[in-house]
2 protein chains.
Amino acid sequence: MKIAIAGAGAMGSRFGVMLSRAGNQVILIDQWAEHVAAINAKGLTVDTETGSSQVHLPAYLPAQVTEKPELVILFTKSMGLPKMLAAIEPILTPETKIVCLLNGLGHVPTLEKYVHRENIFMGVTLWTAALIGPGHVKLVGDGRVEVQNIVPTEQAAAEEICRVFSAAGLKAEYSPNVIFSIWRKACVNGTLNTLCTLLDCNIAQLGALPQTAKLLRQIIAEFALVAKHDDQVALPVEPIARDIEALYDPKKAGEHYPSMHQDLIEHHRLTEIDYLNGYVAKKAAAAGLATPICQLLTELIHAKEALLVK
Amino acid sequence: MKIAIAGAGAMGSRFGVMLSRAGNQVILIDQWAEHVAAINAKGLTVDTETGSSQVHLPAYLPAQVTEKPELVILFTKSMGLPKMLAAIEPILTPETKIVCLLNGLGHVPTLEKYVHRENIFMGVTLWTAALIGPGHVKLVGDGRVEVQNIVPTEQAAAEEICRVFSAAGLKAEYSPNVIFSIWRKACVNGTLNTLCTLLDCNIAQLGALPQTAKLLRQIIAEFALVAKHDDQVALPVEPIARDIEALYDPKKAGEHYPSMHQDLIEHHRLTEIDYLNGYVAKKAAAAGLATPICQLLTELIHAKEALLVK
């Protein structure tokens, strides 16, 4: 299958590499010129548990690409989605299917501006990956993917995408309720990312704080309020909180600084807060619901951005 | 007058030095052994706009003092108040008057455990001072003090305390409503201290953030809710916010990191948050009022304390 990875950072590179090794024709699209140039010059350097190798995939800046893929996998940062879609619009045909695997909430209305609803597939992934530098990624650990059509008639197409992913070892499953999984993952990011960033600590340190258990449940409860109101999704607060708490284990994600911490505190880049707690606060305000915790956390992260991002 | 300064840090030292120079018999009481030893060994080193000098005042650890003062001026940190009162209880007579000039809210019930109500005088000061090191303070700038009795019959005694203070250049005024001034100052500390500490910035940087104007007013409004409910004090949100905003000026306090930032971020010491936003949140909860901003800010500061304080 002809596949374009739009947003070829760590996770996009993982999907690109695995899908290419399974025999698909993969191109990478990314806005980071240095990264694109490095991949084209010497291939993508991929570190795994068993060693390092070069994977040769064509890479393009968004405005440069002319090939028309059958499938586009979106892996940009949330705030980069509209710009990426605008840039790749010329290569989208009425048959091009789009799988959106971004973190965060509220992407469907953005997608609908560029893509017919029947071609939009929403997904969520538990794979991880790390970007070491331009043209260099580290792919370790295990994961899985869920994908679902947003138009009911397109289930077969979603299942076909899952087959392509699984044939590449990506362990994809058709999800009958991917919106639940998207909200659930947003709860993970809206707690661990946001609190570790504000408090400047890693996940294990956050988990050890006496304040965290209550804060976690307060935040998830606010997410649940909006999930229920806007998407008729019932998020069970306590089970989600317990699953998040399992990540404190230093053997799992504990020693890890969440991506928002890396973005803002280490690299002084803008965060995805408006697609997590900020999305919840905005949607709650529109619906007349109270989500003061998400509101304040969003303001504080934006304040930190104003202090740190040039 | 025989005066004991209980809590002889920067501000206590200022009052001690000025009152001593005006002819009062002043002793300093402090729990920091190194500071007490330095003062007794070579006097208190006082830097001012015009130079440096040594001021010789007897200094004691709280448990060591046996002299019975006529007036005790309390200048501990909020959380140090009960311990200081317990330690100096033996030197308090039924005639000893106590002026409480601590920052923060909620000190009267603590004072009442050790001192008869008619001997309690509450005050608030706008003087500043800095502790350079053990036995060394810097006293620059101008200020004033307000003092009031808490038992209505004791106004004359409060006015006498103001005369003693003013004779020493401390510009004291009898306040007909000191509780208003205490709440008002708590609003300053509950906004600037708390936000600069959480965001790790100075006052001018905080003032330049687009989020601050709204946050300031939200916090003050929560303080106003509890001030009204518990103390029948009407805090006007907008004028207080504007007065705080005047402090952003780099020519005033702008370049300054608030004391809570110094305590927690620089010196890894516990903060007075439970006597500011934490007091408001606790009292609001008891009264069935909602103060989610103060509640969350308190939790976040406590979380930071748990991360940073050994």
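The values are calculated or read from the model by the stated rules, or taken from the named source; none is laboratory data. Since we're looking at a predicted model, the values are computed, not measured. Cβ placement follows ideal geometry from the backbone for every residue including glycine, while neighbour counts extend to all protein chains displayed.
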Within the range A:224-250, work out how many residues are under 12 Å from residue A:284 (Cα atoms) and not charged (D, E, K, R).
5
Kindly provide the set of residues from the range A:262-295 that are within 13 Å of chain B (Cβ to nearest Cβ), more than 25 Å from residue B:291 (Cα to Cα) and buried (at least 22 other Cβ atoms within 10 Å of the Cβ), ordered by number.
A:264
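Okay, residues lined up against (1) part of a loop (DSSP other than H, G, I, E, B); (2) within 28 Å of residue B:278 (Cα to Cα); (3) among the acidic types (Asp, Glu):
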{"residue": "B:14", "(1), (2), (3)": "no, no, no"}
{"residue": "B:34", "(1), (2), (3)": "no, no, yes"}
{"residue": "B:40", "(1), (2), (3)": "no, no, no"}
{"residue": "B:46", "(1), (2), (3)": "no, no, no"}
{"residue": "B:52", "(1), (2), (3)": "no, no, no"}
{"residue": "B:64", "(1), (2), (3)": "yes, no, no"}
{"residue": "B:85", "(1), (2), (3)": "no, yes, no"}
{"residue": "B:93", "(1), (2), (3)": "yes, no, no"}
{"residue": "B:110", "(1), (2), (3)": "no, yes, no"}
Residues (part of a helix (DSSP H, G or I) and over 22 Å from the mean Cα position of the chain (by Cα)) located in the range A:207-220:
A:207, A:208, A:212, A:213, A:214, A:215, A:217, A:218
Residues of the range A:148-173 being buried (at least 18 other Cβ atoms within 10 Å of the Cβ) and either part of a loop (DSSP other than H, G, I, E, B) or in contact with an Asp or Glu (Cβ under 8 Å, 6 or more places away or on another chain) (or both), in sequence order, are A:149, A:150, A:154, A:162, A:168, A:170, A:172
Would the range B:209-223 turn up any residue that is aromatic (Phe, Trp, Tyr) and under 21 Å from residue B:280 (Cα atoms)?
yes
How many residues, within the range B:293-310, are in contact (Cβ under 8 Å) with a residue 12 or more places away in the chain, of a type outside the set (S, T, N, Q) and assigned to a helix (DSSP H, G or I)?
9
Please find, within the range A:296-309, the residue that is farthest from the chain's Cα centre (by Cα) out of those that are more than 7 Å from chain B (Cβ to nearest Cβ) and surrounded by fewer than 23 Cβ atoms within 10 Å (Cβ to Cβ).
A:308
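Conditions tested, residue by residue: (1) surrounded by 15 or more Cβ atoms within 10 Å (Cβ to Cβ); (2) more than 23 Å from the chain's Cα centre (by Cα).
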site: B:33; (1), (2): no, no
site: B:36; (1), (2): yes, no
site: B:40; (1), (2): yes, yes
site: B:44; (1), (2): yes, no
What do you reckon, is residue B:76 in contact (Cβ under 8 Å) with a residue 40 or more places away in the chain and either within 27 Å of residue B:142 (Cα to Cα) or over 20 Å from the mean Cα position of the chain (by Cα) (or both)?
yes
From A:241, A:284, A:227, residue being closer than 28 Å to residue B:209 by Cα, at pLDDT 95 or above and not assigned by TED's automatic domain parsing to the domain that holds residue A:108:
A:284
For the range A:186-196, indicate whether the set of residues that are assigned to a loop (DSSP other than H, G, I, E, B) and either within 20 Å of the chain's Cα centre (by Cα) or at negative phi (or both) is non-empty.
no
If we keep only residues of the range B:210-245 that are more than 14 Å from residue B:189 (Cα to Cα) and touching a Lys or Arg at 6+ places or on another chain (Cβ under 8 Å), then the residue surrounded by the most Cβ atoms within 10 Å (Cβ to Cβ) is B:226
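The rows are residues; the columns are (1) under 21 Å from residue A:141 (Cβ atoms); (2) within 14 Å of chain B (Cβ to nearest Cβ).
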site: A:176; (1), (2): no, no
site: A:200; (1), (2): no, yes
site: A:214; (1), (2): no, yes
site: A:218; (1), (2): no, yes
site: A:221; (1), (2): no, yes
site: A:230; (1), (2): no, no
site: A:246; (1), (2): yes, no
site: A:249; (1), (2): yes, no
Right, residue B:161: of a type in the set (A, V, I, L, M), more than 14 Å from chain A (Cβ to nearest Cβ) and in contact with a strand residue (DSSP E or B) (Cβ under 6 Å, 6 or more places away or on another chain) or not?
yes
Residue check for residue A:283: over 30 Å from residue A:141 (Cα atoms) and of a type in the set (Lys, Arg)
yes
Among the residues of the range B:193-230 satisfying the criterion of being free of Cβ contacts under 8 Å to residues at least 12 places away in the same chain and among the aliphatic types (A, V, I, L, M), which is farthest from residue B:263 (Cα to Cα)?
B:209
